[in-house]
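A.B. asks: Once you've had a glance at the structure underneath, I'll fire off some questions.
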C-alpha cells in the first residue's frame, strides 16, 4: 500500500460533504470535505504501488480545473485513471460544485 | 402497464438501504465521515474503506421505524472485521434495547459477506458470536429479516447468523453456505467439491436449492419492489412462528431419513425432507467405534469430569449430568467417531448430526429445568473444525450450527450458566457452534490449545497470499495468531488456566478444573445473561478498543 499527498491552490467554495464509490476491485472511494482554506488537499491511499506519476497527473489536472476548496480522501483498489477522474468529478457534483451541478 | 424490474443485487450496500427505506427517511449512523475504518488493515498493506464495509441506516419501512444493516460485498468480500462486526452487533444490541423498552424497531440485515475477514481473524470470530447472540435475543421481540440478494452471498460464520433469522429472503443469484467451495476443495480435495464447477455450486448452495429444502422462506425476484414487499409482509407478521433453528426434532428426523453414503438426488431429498415429521421416528443405529486409536482431549476430559452413563443419541456427542459441590452440571463434548455415516465428520469435526444433537441436549436441559433451578451447561471444547464436505453443505450445515448457537444463547437467557472449557482445538465455525455462546470461557494454557478461524493453507488461498506472508502478518495482528495466549489478549477469556496436564489429566488437575468450573458458574449466575462482559475486561479495553468505541458512538447517534 502507498500513501500519496497532493496540494494545489483553490478558489471555488463547495456546499457540502460527499462520498462516492467503494474500495472494491477496479474501483475507489472518494470523500470530499469542504474547506475554508484556499487549497485543495488530496490524500490517496492505493493498493497498487509504483504509479505515483500517473496519480500526480490525474489529481493535478482535476484540482487545477475545478479548484474546489476541499480536503479529499481517496481510497483506491486498482482503479484506472479514467475511473479515478470520473469518481472525482462525481464526488464534486454531489458536493454542489457550481460548475458541475 | 407492467413496469420493468429494477435490480437490488446490482446496488451497493448504501444504495440498498436507501432502496428499502421510505423516501427521505434514510439516516446513516457512523457514516463514512465518522472515521471508523479498520485499524488493522493498513498495517498489513491493505487499503481500508471509510465505513469498513458496513452501512447502518435508520428510517422507516412502510411507515414503521426500522434499522437496516447492509454489508458491502465489494469491499474485502464483505468480510467481517473488528469495526464492521461491532457495527452490526452494536446496531442489533440497540434494536434489542429499543424493543425491550417497548419501542418497536424493525430489523433487517442485508447479507453480502464471505464471513470472517481473515486479516482480522479472531476479531471477526468474536463479533460474529456477539451478532448471533443479539439476533437470537432480538427475535423474541420482533422478526429479524435476513436478505441474501447475491453477488457474494452469505458464507462462513455469517451463515450461522443467517440461520438464526426469523425470515430469510434470497434470490436465485444468492448463495448460502457455511464453508465456501474453495475452502472445501482445499480441505477435502477436488473429489469432495470442485470449486470451479459453477453449476454444482448453485445446485448445492444457490437460492433455488436453498428454497427447495426450506432453508429460506422466500425466493424473490431480483427486484427492489418485490423484495421490499416481502420485507413489509414479514415485518408485519404478528403471530410468533418457530424459526428453523428451534425445530430441532424435525431436522434431526429429516437427517435420520437420509443415507449419506449414497449420492443424493435433489428431488428424492426434497420428498424425504417433507415426509419427516416432528415426532421421534426411526433412526440409524451407529456402532461406537474403537476410540483408542484416535486421540481426543474432548473425550479425555469428558471421561475425567463425568461418572454417569453417557447418552448416546449420536456417538460423536457425549452428554452427561453430574454434580460438583452443589451445582448440577450438564457436560457436552464433541468427539471423534470413526463409524460416522458422514465421512467428513469422523475426526471430531462439528457436522450436521453434531450441531443438531448439541441443540437437542441444550434445549432438553432448558425444558427439564423450566420453572425450577437452572443447571449449568459446560461445553468441553476440542474441535478441529466444522465438517468440510459436499453433503454437509447440501443438507444445511449452517442451519445445524445455527441451531446449536441458538440453543446455547437461549439457555443463557433462560438463566442457565453456560461455561466453555477449551481443552484442545477451538476452530472457526466449530467453535462458534460449540463454545462461543458461553457466559464464561475457560481455556487451558497449553501449546496444543489453538483458537483461530481457518487453517493456514486455506487462509492463504482465500487471501491470495503465501503461508509465509500470512505468518508475517500474524506477527503484526495478534488476532490472526493461532495460539491461545494471543487469543487471551482479546479479553474474551474468563481465565487462562496454567499448570494443568491437558493431555493426561491427573486427579489434582481434575479437581482444579472442577473448582474453576464452579467458580465460573457462580460468576455467571451473578453477571448479565448476554455477552457484554467480554468487552468489559481489561484486555478488551486495550485490544478491542475499536469494538467498544464503535458501540459507544453508535449509541450516541441512535
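A.B. asks: Against the globular-protein guess of 2.2 N^0.38 Å, express the Cα radius of gyration of chain B as a ratio, rounded to two decimals. Walk me through the numbers before you get to the answer.
C.D. replies: Numbers: Rg = 22.1 Å, N = 558, 2.2 N^0.38 = 24.3 Å.
Against the empirical 2.2 N^0.38 Å value, I get 0.91 for chain B.
A.B. asks: Taking Cα pairs under 8 Å and at least six residues apart, what relative contact order does chain A come out at, in percent?
C.D. replies: Relative contact order of chain A: 41 percent.
A.B. asks: Okay, moving on. Report, in deg cm²/dmol and to the nearest 500, the calculated mean residue ellipticity at 222 nm for chain B, where each DSSP H run with n ≥ 4 adds -39500 (n - 2.57) and the sum is divided by the residue count.
C.D. replies: Numbers: 21 runs with 221 residues, N = 558.
-12000 deg cm²/dmol, from helical runs alone.
A.B. asks: What distance in nm separates the simple spin-label points at residue B:278 and residue B:325, each placed 7 Å from Cα in the Cβ direction?
C.D. replies: Result for the modelled spin labels: 3.9 nm.
A.B. asks: Taking only the alpha-carbon atoms of the stretch B:96-169, what semi-axes of the equivalent ellipsoid follow from 5 times the gyration tensor eigenvalues under a square root, in whole Å, largest first? Let's see the in-between values first.
C.D. replies: Numbers: eigenvalues 103, 46, 15 Å².
Equivalent ellipsoid of the stretch B:96-169: 23, 15, 9 Å, largest first.
A.B. asks: For the stretch B:140-248, report the translational diffusion coefficient in µm²/s to the nearest whole number, using Stokes-Einstein at 10 °C, 1.306 mPa s, and a Kirkwood Rh over Cα pairs.
C.D. replies: Details: Rh = 14.7 Å.
Calculated translational D: 108 µm²/s.
A.B. asks: Continuing with this model, one more query. Using the 10 angstrom Cβ neighbour count as an exposure proxy, how do B:154, B:165, A:63 rank, fewest first? Don't skip to the end; give the middle numbers.
C.D. replies: Working: B:154 35, B:165 28, A:63 22.
Going from least to most buried by this count: A:63, B:165, B:154.
A.B. asks: Just report the Cα centroid separation between the stretch A:79-101 and the stretch B:481-520, whole Å.
C.D. replies: 57 Å
A.B. asks: Here's something else I'd like to know. For residue B:7 and residue B:504, what does the FRET efficiency come to when R0 = 60 Å and r is the distance between their Cβ atoms, rounded to the nearest 0.05? Write out the running numbers ahead of the final one.
C.D. replies: Working: r = 60 Å, r/R0 = 1.00.
Efficiency at R0 = 60 Å is approximately 0.50.
A.B. asks: Still on this structure, I have one more. Specify whether the C-alpha gyration tensor of the stretch B:447-517 places it in the rounded, prolate or oblate class, a ≥ b ≥ c being the square roots of the eigenvalues: rounded for a/c under 1.5, otherwise prolate if a/b is larger than b/c and oblate if not. Let's see the in-between values first.
C.D. replies: Working: a/c = 3.55, a/b = 2.41, b/c = 1.47.
Judged from the Cα gyration tensor, the stretch B:447-517 comes out prolate (a/c at least 1.5, a/b above b/c).
A.B. asks: Report, to the nearest 10°, how far helix B:121-138 tilts away from the longest principal axis of the Cα atoms in chain B, using its own Cα long axis and a range of 0 to 90°.
C.D. replies: 80 degrees
A.B. asks: Taking the number of other C-beta atoms within 10 Å as the exposure measure, put A:2, B:246, B:392 in order starting with the fewest. Spell out each step's value before the answer.
C.D. replies: Values: A:2 16, B:246 20, B:392 28.
By the 10 Å Cβ count, ascending, the order reads A:2, B:246, B:392.
A.B. asks: Counting every Cα pair in the stretch B:286-543, what percent are over 31 Å apart? Mind dumping the intermediate values first?
C.D. replies: Values: 6861 of 33153 pairs.
Here the tail beyond 31 Å accounts for 21 percent of pairs.
A.B. asks: Given the C-alpha centroids of the stretch B:88-156 and the stretch B:416-452, what is the distance between them in whole angstrom?
C.D. replies: That distance is 22 Å.
A.B. asks: Count, for each residue of A:71-84, the Cβ atoms from other chains sitting within 10 Å of its Cβ, then give me the mean as a whole number. Could the numbers behind the result be given before it?
C.D. replies: Values: counts 0, 0, 3, 1, 7, 1, 6, 1, 0, 0, 0, 0, 0, 0.
Per-residue shielding by partner chains comes out at 1.
A.B. asks: Counting partner chain Cβ atoms within 10 Å of every residue's Cβ in A:10-19, what's the average?
C.D. replies: On the way: counts 0, 0, 0, 0, 0, 0, 0, 3, 2, 7.
Other-chain Cβ atoms within 10 Å of each residue's Cβ, averaged: 1.
A.B. asks: Then there is this: What is the antiparallel percent of DSSP beta bridges lying wholly in the protein assembly as shown, to the nearest 5?
C.D. replies: About 45 percent, rounded to the nearest 5.
A.B. asks: Just checking the output field for B:30-42: average partner chain Cβ neighbours within 10 Å of each residue's Cβ? Don't skip to the answer; put the middle values down first.
C.D. replies: Working: counts 0, 3, 9, 7, 0, 0, 0, 2, 0, 0, 0, 2, 3.
If you average over the peptide's residues, the count of other-chain Cβ atoms is 2.
A.B. asks: What is the helix-to-structure angle for B:224-236, meaning the angle in degrees between its Cα long axis and the longest Cα principal axis of chain B, kept from 0 to 90 and rounded to the nearest 10?
C.D. replies: 60 degrees
A.B. asks: For the stretch B:286-543, what relative contact order do you get, as a whole percent, if you take Cα pairs closer than 8 Å and at least 6 residues apart?
C.D. replies: On the way: 494 pairs, mean separation 43.1, N = 258.
Reported relative contact order: 17 percent.
A.B. asks: Same structure again: Just how many % of Cα pairs in the stretch B:357-468 lie over 25 Å apart, if you round to the nearest whole percent? Show your work: numbers first, answer last.
C.D. replies: Values: 1876 of 6216 pairs.
The proportion of pairs with Cα distances above 25 Å equals 30 percent.
A.B. asks: May I pose another question? Only Cα pairs under 8 Å and at least 6 apart count here; give the relative contact order of chain B as a rounded whole percent. Please report the intermediate quantities before stating the final value.
C.D. replies: Values: 1192 pairs, mean separation 74.7, N = 558.
Relative contact order here is 13 percent.
A.B. asks: Follow-up. Give the value in nm², to one decimal: projected area of the alpha carbon convex hull of the stretch A:2-95, averaged over all directions.
C.D. replies: Working: hull surface 19.6 nm².
Mean projected area of the Cα convex hull: 4.9 nm².
A.B. asks: Against the longest alpha carbon principal axis of chain B, how many degrees, from 0 to 90 and to the nearest 10, is the axis of helix B:82-100 turned?
C.D. replies: 80 degrees
A.B. asks: With a ≥ b ≥ c the root eigenvalues of the C-alpha gyration tensor of the stretch B:13-246, is it rounded (a/c under 1.5), prolate (a/b larger than b/c) or oblate?
C.D. replies: Here the stretch B:13-246 falls in the oblate category.
A.B. asks: Also, quick follow-up: Order of B:194, B:222 from fewest to most other C-beta atoms within 10 Å?
C.D. replies: Ordered from fewest to most neighbouring Cβ atoms within 10 Å, B:194, B:222 come out as B:194, B:222.
A.B. asks: Another one. With just the Cα atoms defining each centre, how far is the stretch A:1-38 from the stretch B:223-274? Give it in Å.
C.D. replies: Comparing the Cα centres of the stretch A:1-38 and the stretch B:223-274, I get a distance of 47 Å.
A.B. asks: Sort the following peptides by mean Cβ neighbour count (other Cβ atoms within 10 Å, averaged over residues), highest first: B:170-178, B:397-405, B:466-474. Write down the numbers at each step before the final one.
C.D. replies: On the way: B:170-178: 25.7, B:397-405: 30.8, B:466-474: 14.8.
Highest-to-lowest ranking by the protection proxy: B:397-405, B:170-178, B:466-474.
A.B. asks: While we're here: Just to verify a number: FRET efficiency for residue A:12 and residue A:52, C-beta to C-beta distance, R0 = 22 Å, to 0.05?
C.D. replies: Details: r = 26 Å, r/R0 = 1.20.
Efficiency computed from Cβ-Cβ geometry: 0.25.
A.B. asks: So what's the protein assembly as shown giving for Cα Rg divided by 2.2 N^0.38 Å, two decimals?
C.D. replies: Values: Rg = 25.3 Å, N = 659, 2.2 N^0.38 = 25.9 Å.
The protein assembly as shown yields a ratio of 0.98.
A.B. asks: Here is a follow-up. With a/c under 1.5 counting as rounded, go ahead and sort the stretch B:1-151 into rounded, prolate or oblate using the C-alpha gyration tensor (a ≥ b ≥ c being the square roots of the eigenvalues; past the cut-off, prolate if a/b is larger than b/c, else oblate).
C.D. replies: On the way: a/c = 1.80, a/b = 1.23, b/c = 1.46.
Taking the square roots of the gyration eigenvalues as a ≥ b ≥ c, the stretch B:1-151 is oblate.
Values quoted throughout were computed directly from the atomic coordinates according to the rules given, and no laboratory measurement underlies them. Just so we're clear, the structure is a prediction, and the values are computed from it rather than from any experiment. Here the Cβ is made from the backbone with ideal geometry for all residues, glycine too, and neighbour counts use every protein chain on show.
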